[in-house]
Amino acid sequence: MSQVPKELKYSEEHEWVRVEGNRAVIGITDFAQSELGDIVFVELPSAGAEVKAGETFGTVESVKTVSDLYAPVSGKVVEVNGDLGDAPEKVNEDPYGAGWMIVVEMSDSKELDQLMDANGYSAHVSAS
Amino acid sequence: MTSVPLIFERSRRGRRAADLPACDVPEVAVEEVLPEEYRRKDPPRLPEVSEPDLIRHYTALSRRNHGVDIGFYPLGSCTMKYNPKRNERAARLPGFAHIHPYQPPETVPGALELMAALQEGLAAVTGMDAVSLQPAAGAQGEWTGLMMIRAYHRARGERRTTVIIPDSAHGTNPASAAMAGFRVVTVPSDDRGGVDLAALEKVLGEDTAALMMTNPNTLGLFEEQIAAIAERVHMSGALLYYDGANANAILGKTRPGDMGFDAVHLNLHKTFSTPHGGGGPGAGPVGVKSFLEPFLPSPVVRREGGRVILDDDRPQSIGKVHTFYGNFGVLVRAYAYLRAMGADGLQQVAEDAVLNANYLMRRLAPHFDVPYDRICKHEFVLSGARQRRAGVRTLDVAKRLLDFGFHPPTVYFPLIVEEALMIEPTETESLETLDAFAEAMIRIVEEAEAEPETVRSAPHTTPVSRLDETRAARSPVLRWIPGEAAEDPDDEEAPAAANRGGTE
């Protein structure tokens with residue numbers, strides 16, 4: 001079974017969020033990377049870009065398919081994982097660690113309440 | 001199996017395959033016509049080979065290919081039907097093959113007549129009022145249609161910024177909408193595989209420019225509620241765009257225009273039997289209802305006083321979308337096909353395509369999961385979920401099919417079906433071919449149970465075995481560099497990231 005760390009929040013679109021104060025570190029879940037298969041390209045916004053909850057902030061391309069990435073929260077992108085340009089496989093190898101994608105400075109931390117906790121996400125995955 | 005050297009590696013200095021005659025016009029020194037910065041310092045590293053070397057090299061490569069002239073090619077949504085050779089004869093007639101796009105139009109009335117007649121034929125097939133033959137492919141047809149829809153709304157003083165697309169859509173639909181400057185909104189499918197009408201009503205609004213649909217959709221299913229959908233879309237002031245990639249299923253039976261669509265493209269390289277699969281050229285003509293006609297790409301090919309003219313005086317046109325007038329050779333082939341088939345023939349195309357698909361679906365249904373168990377149109381979608389649980393994935397099944405001499409179906413699409421296999425047999429295949437394919441598929445399913453490793457490590461009989469698709473995508477080597485060994489797989493310096501843009 002895929003890993004679902006307890007301390008993270010999750011979106012229905014299979015993104016995870018790690019809250020650090022007002023900052024949200026965002027990536028895709030272990031389940032998502034395993035469904036996608038070998039990831040070969042990740043397209044991310046530049047630092048400074050604004051993202052809106054529920055809207056796309058980038059794409060992830062695997063051997064099988066190309067998928068949109070959806071922002072779980074709104075705010076300004078303050079950091080981008082540039083390593084994924086040369087090493088997209090990090091998303092497969094370590095989705096919750098070295099495979100992180102962006103850090104967003106949240107404009108409305110109440111949006112976090114819309115996300116699922118680990119139990120909720122596990123149930124979401126088994127239902128889909 | 002031996003690997004084939006590159007044509008560059010066969011090169012020997014001084015070898016020639018051509019013997020050019022002496023120049024019979026005055027020579028002009030390159031210095032006189034090209035400024036210094038445009039002149040190359042070293043001669044190009046072109047391969048130097050003899051004619052036998054050349055012919056053997058490319059013949060050897062061609063024998064490793066699979067195409068519709070070699071075998072069955074059930075690639076879903078691609079309509080890999082047989083391309084009749086008479087189309088080729090027509091396209092090679094000197095009056096078509098040897099004309100130049102800069103010739104004055106009055107010197108090529110035959111070519112213009114063919115374009116006008118093809119436009120009329122495609123308008124009749126789609127139920128549209130006017131057609132442009134310029135777009136070079138389906139995706140460009142989509143983009144052209146959306147640009148016209150955008151111009152139409154603007155001309156009415158309306159600002160409509162979103163395009164609604166079902167979750168089963170071809171990937172080109174959202175891409176074309178984004179390229180045309182729209183925001184894409186996805187609408188889910190209902191449990192019969194059609195558009196969820198209630199969900200559609202929720203997203204339709206004053207900002208909706210268009211709904212893009214394929215009918216039958218990518219599940220091979222006819223959209224049963226199309227009349228109600230068209231009514232809702234038009235009530236909101238938006239337009240309806242028809243992606244004609246699956247038009248093979250409806251030829252002569254129904255027409256996008258009759259279903260309520262306002263704009264449509266056709267893929268001549270699919271439905272009208274012109275060759276494709278090698279990267280083109282294709283053709284994606286766009287048809288529109290009369291109220292969109294002023295926005296057609298210019299020049300418009302139209303009849304005036306007994307002749308066909310190229311009309312550039314189109315103040316509301318979205319402009320040219322292709323150099324000259326489109327991929328003319330493809331248009332000749334499609335016209336030859338249209339006339340050879342006639343109205344009755346086209347109807348039979350749709351009937352046989354649908355019959356073949358349903359026959360194959362019923363033969364395979366006991367062995368795979370069938371996500372939407374309805375009568376299908378020209379293609380159908382199976383799920384390899386059952387096989388996946390046994391440890392064999394759809395990708396493995398596809399690779400194993402190569403050992404039986406079949407091109408695999410489309411896999412992992414549409415996205416809403418787990419481990420999808422999307423199969424389109426087309427009307428040009430015989431019962432024997434369909435049976436042979438079904439038997440190969442059933443045998444692979446049995447192998448997946450009894451000897452899964454045979455399937456997982458396939459293919460076994462092809463010139464090369466399972467390719468490392470991940471490395472090919474992550475570190476593509478796209479250029480031969482003189483003096484460099486062709487292979488050094490672990491070379492981190494391979495121009496991977498830098499060349500990536502060149503692959504798209």
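Here, each number is a calculation from the coordinates, and none is a lab measurement. Small disclaimer: the values here were computed from a predicted structure and weren't measured. So basically every Cβ, Gly included, is an ideal-geometry build from the backbone, and we count neighbours across all protein chains shown.
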Looking at region B:114-125, is at least one residue touching an Asp or Glu at 6+ places or on another chain (Cβ under 9 Å) and among the aliphatic types (A, V, I, L, M)?
-> yes
Under the condition of being charged (D, E, K, R) and within 26 Å of the chain's Cα centre (by Cα), which residue from region B:444-470 is farthest from the other protein chains (Cβ to nearest Cβ)?
-> B:ARG466
Quick one: which helices (runs of 4 or more DSSP H) lie wholly within region B:392-468 and hold at least 2 residues that are under 24 Å from B:GLY193 (Cβ atoms)?
-> B:394-403, B:431-450
Answer yes or no as to whether B:GLY257 is in contact with a Ser or Thr (Cβ under 7 Å, 6 or more places away or on another chain), more than 28 Å from B:GLU432 (Cα to Cα) and not in a helix (DSSP H, G or I).
-> no
Among B:LEU61, B:LEU46, B:LEU54, which is more than 30 Å from B:ASN246 (Cβ to Cβ), in a loop (DSSP other than H, G, I, E, B) and of a type in the set (A, V, I, L, M, F, W, C)?
-> B:LEU46
Test B:THR214 against the criterion of being within 14 Å of chain A (Cβ to nearest Cβ) and surrounded by 18 or more Cβ atoms within 10 Å (Cβ to Cβ), and give yes or no.
-> no
For region B:328-343, enumerate the residues that are out of contact with any helix residue (DSSP H, G or I) (no Cβ under 6 Å at 6 or more places or on another chain) and either among the aliphatic types (A, V, I, L, M) or closer than 16 Å to B:GLY110 by Cα (or both).
-> B:PHE328, B:ARG339, B:ALA340, B:MET341, B:ALA343
In region A:38-85, anything within 9 Å of chain B (Cβ to nearest Cβ) and among the β-branched types (Val, Ile, Thr) is listed as A:ILE39, A:VAL40, A:THR56, A:VAL63, A:THR65, A:VAL66
The correct count of residues that are of a type in the set (Asp, Glu) and under 11 Å from the mean Cα position of the chain (by Cα) in region A:27-67 is 1
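Each row is one residue, and each column tells you yes or no for (1) more than 14 Å from every other protein chain (Cβ to nearest Cβ); (2) closer than 20 Å to B:LYS81 by Cβ; (3) not charged (D, E, K, R).
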| position | (1), (2), (3) |
| --- | --- |
| B:ALA353 | yes, yes, yes |
| B:GLU379 | yes, yes, no |
| B:LYS399 | no, no, no |
| B:ASP435 | yes, yes, no |
Note on region A:86-117: residues free of Cβ contacts under 8 Å to residues at least 40 places away in the same chain, away from every other protein chain (no Cβ under 14 Å) and not acidic (Asp, Glu) are A:GLY97, A:ALA98, A:SER107, A:LYS110
